[in-house]
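Here's the structure, in structure tokens; my notes come after.
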Amino acid sequence: LEILIRSAKSEEAEAYAGCVIACWQAAYRDIVPAAYLQYMSAHAEEWVDKYKKALADPGGGYYCAMHGDKMAGFLILDWHRAENFWAIYLVAEFWGMGYGKQILDFAISELSRAGHREVRLWVFEENHRARRFYEKNGFGLDGVKRVVDKYGGVPLVELGYALRL
Ligand SMILES: CC(C)(COP(=O)(O)OP(=O)(O)OC[C@H]1O[C@@H](n2cnc3c(N)ncnc32)[C@H](O)[C@@H]1OP(=O)(O)O)[C@@H](O)C(=O)NCCC(=O)NCCS
């Protein structure tokens with residue numbers, strides 16, 4: 001079964017939040033403190049509220065990857081924020097099947113079509129799967145690094161990656 005990438009609808013906020021939380025819990029199991037990942041499911045309504053607002057703008061850059069009726073992943077291309085915000089996530093059962101590449105190609109064509117000339121994004125230094133994925137697909141480290149300290153009191157290093165479109 002193929003995946004279909006499309007804009008997420010505001011009435012899908014609950015499924016979107018569930019997908020985000022499931023993706024985070026799998027992707028960051030050994031990176032983000034467990035207490036924060038547990039907090040996400042225990043307070044899922046905070047994420048539902050957040051996505052109700054975010055998905056209300058159909059041009060907001062919030063996409064979902066549908067595998068039949070199941071939300072298999074999500075893509076965020078929020079170029080309205082002060083700093084561009086990029087996210088690609090799949091639920092763990094869909095990793096390693098080429099879907100990530102399919103979402104990446106979609107993202108690149110959307111951004112090119114909108115006239116953007118480059119993508120910059122942040123990846124946790126310890127997120128080796130994602131770093132390999134980006135490096136295999138033409139992204140390079142751009143030499144910048146930052147520390148984020150908003151996930152359970154443990155500072156995490158993020159590396160900047162860039163791709164010319
Ligand atoms: C990073 C992520 C989006 C990549 O997506 P993906 O679908 O797993 O990536 P792909 O399948 O396109 O490529 C991954 C691997 O599968 C292999 N692959 C590609 N097509 C395949 C196919 N049809 N069948 C089997 N394997 C395939 C690729 O060669 C690649 O191999 P590698 O492990 O040596 O790198 C995904 O793993 C993910 O959601 N991770 C968690 C969230 C995350 O960290 N996101 C990034 C935040 S910055």
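The values are calculated or read from the model by the stated rules, or taken from the named source; none is laboratory data. Computed from a predicted structure; not experimentally measured. Note: ideal-geometry Cβ built from the backbone for every residue, glycine included; neighbour counts use all protein chains shown. Accessible surface areas use protein heavy atoms only, side chains included; no ligands, DNA or RNA. Shrake-Rupley method; radii C 1.70, N 1.55, O 1.52, S 1.80 Å.
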With a sphere of radius 11 Å drawn around the Cβ of ALA15, what net charge do the other residues whose Cβ falls strictly inside it have (Lys, Arg +1; Asp, Glu -1)?
-2
Among all lysine pairs in segment 8-165 that are eight or more places apart or on different chains, how many have alpha carbons less than 22 angstrom apart?
12
GNM on the chain, Cα springs under 10 Å; top mean-square fluctuation among ALA107, ALA15, ALA72 goes to ALA15
With the calculation restricted to Cα positions, what are the radius of gyration and Dmax of segment 92-136 in angstrom?
12.0, 34
May I ask you to give the percent of accessible area on the chain that is carbon plus sulfur, with a probe radius of 1.4 Å?
52
Is segment 75-156 rounded, prolate or oblate when judged by the Cα gyration tensor, a ≥ b ≥ c being the square roots of its eigenvalues, rounded requiring a/c under 1.5 and prolate requiring a/b larger than b/c?
oblate
Cut-off under 5 Å, modelled amide H: who pairs with ALA72 long-range:
ALA65, MET66, HIS67
Overall dimensions of segment 40-108 by Cα: Rg and Dmax, Å
13.0, 35
Using all alpha carbons of the chain, what is the percent of pairwise distances in each 5 Å bin, ordered from the shortest bin to the longest?
2, 8, 17, 21, 23, 19, 9, 2, 0
Would you look at the GNM of the chain, springs on alpha carbons closer than 10 Å, and say which of LYS52, LYS70, LYS101 moves the most?
LYS70
